[in-house]
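I have placed the structure first, in the form of structure tokens, so that the comments after it can refer back to it.
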Amino acid sequence: MEDSVRVQIKYLASLRDRTGCRQEEVTFPAGATLGDVAGWLNRRYGFSLPNPQVMAILNGRGWEQFPARLSTEIREGDVIALFPPLAGG
């Protein structure tokens, strides 16, 4: 469909427990942005993004790395991964 885009959203580590699933395919209207995804995640799971407690990645890049940030348009087939920040040494 040209009037919508499908993206895969993957939930890793403790976020998988919070959502009850490893991943899901979600359809958004054409022209939707990362801000729209953030709003959907907030309504569905109570995630508040951006958030230092949740790393949000789009196709391997952190959301904050995109110049348009939350205004970045999502595209058909994009993969979004959410996970808690990793610590270690």
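No value in this document is a laboratory result; all are computed from the given coordinates. Given the structure is predicted, the values throughout are model-derived calculations rather than measurements. We place every Cβ from the backbone using ideal geometry, glycine too, and count neighbours over all the protein chains shown.
Tabulated values for the structure
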{"quantity": "Table column - 3J(HN,Hα) (Hz), region 74-85, Karplus curve with 6.51, -1.76, 1.60, x for Gly and Pro", "calculated": "8, 10, 3, x, 4, 10, 10, 10, 10, 7, x, x"}
{"quantity": "Amide proton proximity set for ASP78, modelled H, under 5 Å, gap of 5+", "calculated": "GLN8"}
{"quantity": "Cβ-derived FRET efficiency at R0 35 Å, GLU24 paired with SER71, nearest 0.05", "calculated": "0.90"}
{"quantity": "Placed amide H near ALA32: partners under 5 Å, 5+ positions off or other chain", "calculated": "ILE74"}
{"quantity": "Simple label model, 7 Å out from Cα along Cβ direction - VAL79 to ASN59, nm", "calculated": "1.3"}
{"quantity": "Electrostatic dipole magnitude of the chain [Cβ: Lys, Arg +1; Asp, Glu -1; Cα centre; debye, to 20]", "calculated": "360"}
{"quantity": "q = 0.12, 0.21, 0.24, 0.25 Å⁻¹, the chain: log10 I(q)/I(0) [Debye, one scatterer per Cα]", "calculated": "-0.33, -1.03, -1.35, -1.45"}
{"quantity": "Karplus (6.51, -1.76, 1.60) ³J(HN,Hα), θ = phi - 60°, over region 22-28, in Hz, Gly and Pro reported as x", "calculated": "7, 7, 8, 9, 10, 9, 10"}
{"quantity": "Per-residue HN-Hα couplings for region 31-37 [Karplus 6.51, -1.76, 1.60; θ = phi - 60°; Hz; x = Gly/Pro]", "calculated": "x, 5, 10, 4, x, 5, 4"}
{"quantity": "Trypsin sites (Lys or Arg not before Pro) restricted to region 35-85 and DSSP loop, no more than 14 other C-beta within 10 Å", "calculated": "ARG75"}
{"quantity": "Relative contact order, percent, the chain [alpha-carbon distance under 8 Å, six or more residues apart]", "calculated": "41"}
